[in-house]
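Some notes on the structure that comes next.
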Amino acid sequence: MSVLNELFEVLSKDLHFNVSKLDSKNYDQNWKVPEGFISIIGLENAKMPVFYYGITNSYEKKFEIKKIVSPKGQKQVFARTYFIFDRRDIIEKEKYVVANAFNGLLLLIKLDKKEFIGKAVNMLTKGYEEDEFIREVLDNIKEKNMFDNIDETIRFVANRDYNWLIGRIKYNMGLLEYSGQGYYLLPIKTNMQITSGIKISNGKIIIDLENSHLFKNFIVYVDSVNNKIIYNKERLCNKNPAILDIMSKIDDNTCPWCGSKLRIVRTKKGEFLGCTNYPNCLYRRFPKK
Ligand SMILES: [Zn+2]
């Protein structure tokens, strides 16, 4: 099933959403129509206006291992992912959006933990065999974090990077209690400007998860793990909702990657704070020396 159909199946269960598929076959126009259409209605007991958006999800997804040398000369590797939209395609779809007086065009992306971890593990495993830089960094991480083998080290790095990216996105959206997996509908424009954080280069419109502040402007987020729909009332209603006191929910004994409890692990190599969900979760933290 396509990402769009999956999303529509979830959204149409909610009273606030009206979703329909748009495509060139049904809508004979001389410009490209978006892939989907959504209206958000009845916010706050139907006192709020209705919003109409076009949706597109024709992107190319890229995964990459970024190699960085810090100013101090320390080598590092990071697993990253990008969603790349074609700019000309977007401009054509925006014409349709403007001509039909929509509120805007939304970019639909899907984040999936299993996919990210799988790709990262594959790229790091290949990198360990073929790339001296990556091998050196991974061997250092293995040593420093007291892992016994390189496979576990690679899974650790993949999980570290996934959680870093998702953690920052959730923080910027004020949704730390959600999984971060699922569908994000992001506006291409905010206040008539390209949404800050969306990169344009060589005819491409790029969503780089590292630019997590662009997620502050999300319109709809669907948590695919908990099947929950969250819309950005702050943006849609132009009101300030009570800001969740999310930071107070984080305590020192909880694993920031999976929510299980942490415990002190003593090994021949030394002591660290590890996750009770090991080996499913490889989170570990070391006391500052
Ligand atoms: Zn954990």
**Extreme residue, positive dipole direction of region 3-250, given options Met192, Phe17, Tyr59 (C-beta unit charges)** = Met192
**Tally of Lys pairs whose C-alpha atoms are under 13 Å apart, taken over region 1-109, 8 or more apart or cross-chain** = 4
**Request:** Give me Ile200, Ile264, Ile206 ranked fewest to most by other Cβ atoms within 10 Å of their Cβ, as a rough exposure proxy.
**Result:** Ile264, Ile200, Ile206
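Return Arg87, Arg155 ranked ascending by Cβ neighbour count within 10 Å, so the fewest neighbours appear first.
On the way: Arg87 15, Arg155 19.
The fewest-first ordering by Cβ neighbours comes to Arg87, Arg155.
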**Item:** Positive-pole candidate from Met173, Phe286, Val220, dipole of the chain, charges at beta carbon
**Value:** Phe286
**Asked** Roughly what would the spin-label model give for Val69 and Ser20, points 7 Å off Cα along C-beta, in nm?
**Response** 5.8 nm
**Message:** Using alpha carbons only, how many angstrom separate the centre of region 97-120 from the centre of region 131-205?
**Reply:** 16 Å
**Request:** Rounded to the nearest 500, what is the 222 nm mean residue ellipticity of the chain from helices alone, with -39500 (n - 2.57) per DSSP H run of 4+ residues and division by all residues?
**Result:** -9500 deg cm²/dmol
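Rounded to the nearest 0.05, what FRET efficiency do Ala99 and Ile200 have when you use their Cβ-Cβ distance and R0 = 35 Å?
0.95
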**Request:** Would you list the membrane-span-like helices of the chain, meaning whole DSSP H runs whose alpha-carbon atoms span at least 15 Å along their axis and whose mean Kyte-Doolittle value is at least -0.5?
**Result:** 150-173
**Charged-residue dipole, Cβ positions (Lys, Arg, Asp, Glu), the chain about Cα centre, Debye nearest 20** = 760 debye
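Read the figures in this text as sums done on the coordinates, not as results from a lab. Bear in mind that the values here come from a model prediction, so they are computed numbers and not experimental data. Here the Cβ is made from the backbone with ideal geometry for all residues, glycine too, and neighbour counts use every protein chain on show.
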